[in-house]
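See below for the structure under consideration.
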Amino acid sequence: MTDLLTLNHVVKKFPVGRKALFSKERKMFTAIDDVSFTLGEKETLGIVGESGSGKSTLARCILGLYPDAEGEILYKGKDVLKADAKELKAIRRDVQMIFQDPYSSLNPQMTAEEIVMEPLRNLGGENIREKARETLSLCGLSKAHFGRFPHEFSGGQRQRIGVARALVVEPTLILADEPTSALDVSIQAQIINLLEELQEERNLSYLFISHDIAVVEHIADRIGVMYRGQLVEINDRDSIMENPRDDYTKKLLSAVPPMDPHCK
Ligand SMILES: Nc1ncnc2c1ncn2[C@@H]1O[C@H](COP(=O)(O)OP(=O)(O)OP(=O)(O)O)[C@@H](O)[C@H]1O
Ligand SMILES: [Mg+2]
């Protein structure tokens, strides 16, 4: 497997509180603390950790949204943190995001079709309506859905629009930040299945972020565990699930409810 993404000693700090009068120093909070990992082509790396552990900040670092982050973020060999505007534009086409709450991330005044056409409009090209419709169909929505507005969909269907919008520009890597956390358990499984089918069809790589290790277990080849900005453990899925080394991973696993409702 070739490496698509490599993070070397990535650190991201945020200024906190007010700057004291006459003080040159600003207090800093380290949200990402020396994180290193690789993600291979067609691989799914699950990132799990509690709220505030730095998962979304990590995704934003990878997209180059924090130029002041330290360390190295190599995407297809190019350092995102040193990329110029043109290179960043290309990276942000090839790396797409899916968000937690499809409702707030979809423009309420646009139809499903228009939402999926939007990223194509910015790129130019022909037959964008056709391409948007094909992608919506691929994501499990039918002709009758194309002209509907976000409020006319169920949560799961809305997330299908979010997936189609990410997919329509033919990315290589998708950063999925809690893509199923706002959905019912049965619908979560449908979206995970959809992501797995699309991975097969489009040779996608995923960075799949969730606070729920039971969800991550279903989709990830490898799992990284974040705690207070640090990647405390990273290993293949079965090793993490069956033989966790880090105390925090053990704690996360012990809190997982059994999947079988009859299981005591
Ligand atoms: N723009 C910002 N300014 C200051 N602090 C920030 C900023 N963005 C994030 N943080 C802090 O960085 C830490 C990590 O935040 P982040 O959103 O990455 O967590 P998360 O793991 O995604 O949490 P959740 O599961 O709740 O989404 C938090 O303590 C947060 O308060
Ligand atoms: Mg988050």
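The values are calculated or read from the model by the stated rules, or taken from the named source; none is laboratory data. Remember, predicted model here, so these are calculated numbers, not experimental data. Cβ atoms come from the backbone with ideal geometry, glycine included; neighbour counts cover every protein chain shown. What goes into the accessible areas is simple: the full protein's heavy atoms, side chains included, and nothing from ligands, DNA or RNA. Shrake-Rupley method; radii C 1.70, N 1.55, O 1.52, S 1.80 Å.
A cut-off under 10 angstrom between Cβ atoms defines the neighbours of Gly71, and their net charge, with Lys, Arg +1 and Asp, Glu -1, is -3.
Past 26 Å, Cα to Cα: identify those pairs from Lys13/Lys78; Lys55/Lys131; Lys12/Lys89; Lys42/Lys89; Lys82/Lys251; Lys12/Lys82, in the order given. Can you show the working numbers first?
Values: Lys13/Lys78 22 Å; Lys55/Lys131 32 Å; Lys12/Lys89 21 Å; Lys42/Lys89 22 Å; Lys82/Lys251 38 Å; Lys12/Lys82 15 Å.
Going by Cα-Cα distance, Lys55/Lys131; Lys82/Lys251 fall outside the 26 Å limit.
The alpha carbon convex hull volume per residue for the stretch 34-136 rounds to 151 Å³. Rg/Rh, computed from the Cα trace of the stretch 202-247 with Rh as the Kirkwood radius, has the value 0.97. Among the protein heavy atoms, those of Ser51 account for about 110 Å² of accessible surface (1.4 Å probe, every chain in place).
The 1.4 Å probe gives accessible areas that order Arg121, Arg18, Arg237, largest first, as Arg18, Arg121, Arg237. Roughly how far apart, in whole Å, are the Cα centres of the stretch 1-66 and the stretch 85-130? Distance between centres, Cα-based: 24 Å. Note on the stretch 128-264: along the principal axes its Cα atoms extend 50, 35, 26 Å, ordered by decreasing extent.
Computed from the C-alpha gyration tensor, the three semi-axes of the ellipsoid equivalent to the stretch 54-198 are 27, 19, 13 Å, from longest to shortest.
When the accessible area of the chain is computed with all protein chains present and a 1.4 Å probe, what percentage of it is carbon and sulfur? Provide the component values of the computation, followed by the final result.
Details: 6650 of 13910 Å².
The value for the chain is 48 percent carbon and sulfur by accessible area.
Considering only the other residues whose Cβ falls under 10 Å of the Cβ of Lys19, what net charge follows from Lys and Arg at +1 and Asp and Glu at -1? Summing Lys/Arg as +1 and Asp/Glu as -1 gives +3. With the whole protein complex present, Met97 retains an accessible surface near 30 Å², based on a 1.4 Å probe.
Pairs of alpha-carbon atoms within less than 8 angstrom and 6+ residues apart define the contacts here; what relative contact order does the stretch 118-264 have, in percent?
Numbers: 128 pairs, mean separation 22.4, N = 147.
Answer for the stretch 118-264 is 15 percent.
Could you quote the convex hull projected area for the chain, Cα atoms only and averaged over all directions, in nm²? Kindly include the intermediate steps, with their values, before the conclusion.
Details: hull surface 67.7 nm².
Projected over every direction and averaged, the Cα hull of the chain covers 16.9 nm².
Summing +1 for each Lys or Arg and -1 for each Asp or Glu among the other residues whose beta-carbon sits under 14 angstrom from that of Asp236 gives -3.
Using 0.36 nm per residue and subtracting the Cα-Cα separation, the extra length available between Glu41 and Ser239 on full extension is 69.2 nm.
Ligands, DNA and RNA excluded, the heavy atoms of Asp221 present near 80 Å² of accessible surface to a 1.4 Å solvent probe.
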